[in-house]
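Reviewing the structure listed below.
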Amino acid sequence: MDLLARLVSIDSANSSMGGPGEADLAAEIASFGHSHGLVVATDEVLPDRSNVSLTLPGTTGTHAGRRLLFDLHLDTVPHIGIPNATVPRIDGDRMWGRGTCDTKGALAAALVAVGRLAREVAERDGEVMLLFTVDEEYLKRGVAHAVAGGLNATAAIVGEPTSLRPIVAHKGAVRFRIVTHGRAAHTSKPENGDNAIHQMVEVIDWLRERGEPALSMRGHPRLTPPTFTIGTISGGVGVNIVPDRCVIDIDRRTLPTEDPAAVLAEIDGWLADLMRARPGVKATREDPYISERGLDGPVDGSLVVAVQSAVAKVTGGSVDATPDGVPYGTDATHLWGLAGIPTVVIGPGDIAQAHTIDEWVDLNDVRQCTEVYYEVMRSFVQGEWS
């Protein structure tokens with residue numbers, strides 16, 4: 001667990017969210033790769049923010065084109081106001097600290113596993129690449145950059161906290177703003193203005209009345225129905241001024257079967273209906289700043305079977321290895337949704353602990369995940385699946 005503690009002690013909170021960024025952790029990862037004889041590469045995504053890859057090459061003559069990819073993100077969410085968040089603390093079988101669960105436990109497990117593979121398996125029919133991405137917690141620009149650059153693989157594992165259960169489906173997300181447009185006036189004569197906040201109240205009520213029942217009827221075999229959440233609202237510049245503008249941010253979690261363009265068209269239709277019914281409402285939707293499809297992989301593909309076998313072998317059946325779905329999103333939206341790479345999400349820890357003020361990970365989970373990752377790597381490079 002020394003490696004995990006070292007990773008946690010390096011503050012890698014996303015710089016787009018007020019943190020110092022991933023550079024120091026990326027340097028630590030690169031140093032690990034050099035010291036273990038791996039091929040190290042960096043790829044700048046944003047100024048001072050680079051993806052790092054560590055590759056253990058294949059050694060046999062038949063390995064051309066075979067690559068097992070592990071996608072792991074470097075960044076964490078911020079920890080402003082949380083004392084000693086990057087000082088790892090162990091008590092019993094738990095380690096506390098920012099990123100222990102999301103997702104430095106998976107980072108440590110993958111690093112230890114590939115180091116062991118390099119030592120113990122000399123003949124390798126295929127390569128293993130660990131890709132450490134920036135900006136997963138904000139806009140996923142790290143994995144988007146890698147995919148746009150032609151990233152390919154036979155199969156991919158995304159390291160996220162799943163309590164070691166293989167995840168083959170998760171939701172996507174479309175995030176956007178709706179703006180209402182009013183007219184400013186002095187509040188001593190509010191009738192001279194047009195209150196944009198009052199308009200937004202009508203927008204919110206209308207969208208909830210139509211959206212929530214409609215979405216609750218949509219299903220998926222491994223996922224809960226899609227959701228519609230108003231996450232922020234802002235409007236007005238002073239208490240004595242009728243507000244001429246109000247803005248809400250909407251997080252629309254989508255099923256993998258939902259097309260983001262169709263989701264936005266549905267919202268536009270609801271807004272158009274409202275403005276026809278209530279001509280005093282003037283609302284516009286801005287272009288989405290996040291538009292990601294979900295993951296919807298097969299439950300019986302060779303990667304899934306290999307992961308299930310590894311989980312069963314390592315845990316002795318104590319973990320349910322039935323492929324499942326989760327409501328949150330991961331880098332798999334790009335690996336599977338855009339690059340077409342068969343992808344499974346699996347890692348140590350419970351998502352309920354991620355981003356919390358007292359984030360922790362079960363160290364037994366990390367140990368078992370290390371073995372699971374190793375078994376999947378070993379079986380791949382020894383040609384047991386493809």
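None of the figures in this text is laboratory data; all of them are computed from the coordinates on show. Treat the numbers as computed from the prediction; the structure is a model and nothing was measured. Positions of Cβ are backbone-derived with ideal geometry, glycine not excepted, and every protein chain shown enters the neighbour counts.
Calculate the radius of gyration of the Cα atoms of region 87-214 to one decimal place, then report Dmax, the largest Cα-Cα distance, as a whole number, both in Å.
24.8, 82
With charges set only on the Cβ (+1 for Lys and Arg, -1 for Asp and Glu), what does the dipole of region 172-292 come to about its Cα centre, in debye to the nearest 20?
That gives region 172-292 a dipole magnitude of about 120 debye.
Take His198, His334, His145, His170 and order them by how many other Cβ atoms sit within 10 Å, fewest up front.
Arranged by neighbour count, lowest to highest, His198, His334, His145, His170 become His198, His145, His334, His170.
Using 7 Å Cα-to-Cβ label points, what is the Ile230/Asn192 separation (nm, one decimal)?
2.9
Just from its helices, what would the mean residue ellipticity at 222 nm be for the chain, if runs of 4 or more DSSP H residues each count -39500 (n - 2.57) and the sum is divided by every residue, rounded to the nearest 500 deg cm²/dmol?
-10000 deg cm²/dmol
So how tilted is helix 23-35 from the main axis of the chain? Cα-based, degrees 0 to 90, rounded to 10.
For 23-35 against the chain, the angle is about 10 degrees.
Quick one: order Ile233, Ile167 by neighbouring beta-carbon count within 10 Å, fewest to most.
Ile233, Ile167
Rounded to whole Å and ordered largest first, report the semi-axes of the equivalent ellipsoid of region 27-98 derived from its Cα gyration tensor (root of 5λ).
With the √(5λ) rule applied to region 27-98, the semi-axes are 32, 17, 11 Å.
Using alpha carbons only, what's the Rg to Rh ratio of region 172-292 with Rh from Kirkwood?
Answer for region 172-292: 1.04.
In degrees, nearest 10, range 0 to 90: what is the angle between the Cα axis of helix 105-120 and the longest Cα principal axis of the chain?
Once rounded, the angle reads 20 degrees.
What number, in percent, do you get for the relative contact order of region 172-292 if the mean sequence gap of Cα pairs under 8 Å and at least 6 apart is divided by its residue count?
43
For the chain, what is Rg from Cα atoms divided by 2.2 N^0.38 Å, rounded to two decimals?
Normalised by 2.2 N^0.38 Å, the Cα Rg of the chain equals 1.11.
Would you mind listing how long region 148-222 runs along its three principal axes, going by Cα atoms, in whole Å with the largest first?
66, 36, 23
How large is ³J(HN,Hα) for each residue in region 210-225, as worked out from phi by the Karplus curve 6.51 cos²θ - 1.76 cosθ + 1.60 (θ = phi - 60°), to whole Hz, x for Gly and Pro?
Once rounded to whole Hz, the list reads 9, x, 4, x, 5, 5, 5, 8, 8, x, 7, x, 10, 9, 6, x.
I'd like the distance separating the alpha-carbon centroids of region 64-119 and region 254-329, in whole Å.
Measuring centre to centre over Cα atoms gives 25 Å.
Just subtract the alpha-carbon distance of Val121 and Asp93 from 0.36 nm times their residue separation and send over the number in nm, one decimal.
The Val121-Asp93 span can extend by a further 7.1 nm.
Dipole of region 227-386 (Lys/Arg Cβ +1, Asp/Glu Cβ -1, origin at the Cα centre): which of Leu338, Ala277, Val305 lies farthest to the positive side?
Ala277
Roughly how big is region 1-133's charge dipole about its Cα centre, with Cβ charges of +1 (Lys, Arg) and -1 (Asp, Glu), in debye to the nearest 20?
240
Checking a compactness column here: for region 40-160, what do you get for Rg(Cα) / (2.2 N^0.38 Å), N being the number of residues?
1.19
Put +1 on the Cβ of every Lys and Arg and -1 on every Asp and Glu Cβ in region 172-292; which of Ile204, Tyr289, Pro260 then has its Cα farthest towards the positive end of the dipole?
Ile204
For each of His186, His73, count neighbouring Cβ atoms within 10 Å of the residue's Cβ, then give the residues from fewest to most.
In increasing order of surrounding Cβ atoms, one gets His186, His73.
Rounded to the nearest Å, what's the spacing between the alpha carbon centres of region 127-172 and region 336-367? Just the number, please.
11
For the chain, what does the relative contact order come out to in percent, with C-alpha contacts under 8 Å and a separation of six or more?
Over the chain, the number comes to 24 percent.
Quick check: residue separation of Glu212 and Ile82 times 0.36 nm, minus the Cα distance between them. What number comes out in nm?
Result: 43.3 nm gained on full extension.
Taking 1 over the mean of 1/r across every pair of different Cα atoms in region 326-386, what Kirkwood radius in Å do you get?
13.8
Could you point to the residue in Ala110, Ala27, Ser234 farthest towards the positive end of the chain's charge dipole, with +1 and -1 charges on the Cβ of Lys/Arg and Asp/Glu respectively?
Ser234
Show which lysines lie in cross-link reach of Lys104 when reach means a straight Cα distance below 29 angstrom and same-chain residues fewer than eight apart are skipped.
Lys140, Lys171, Lys313
Where the only charges are on Cβ atoms (+1 Lys, Arg; -1 Asp, Glu), what is the dipole of the chain about its Cα centre, to the nearest 20 debye?
The dipole of the chain has a size of about 460 debye.
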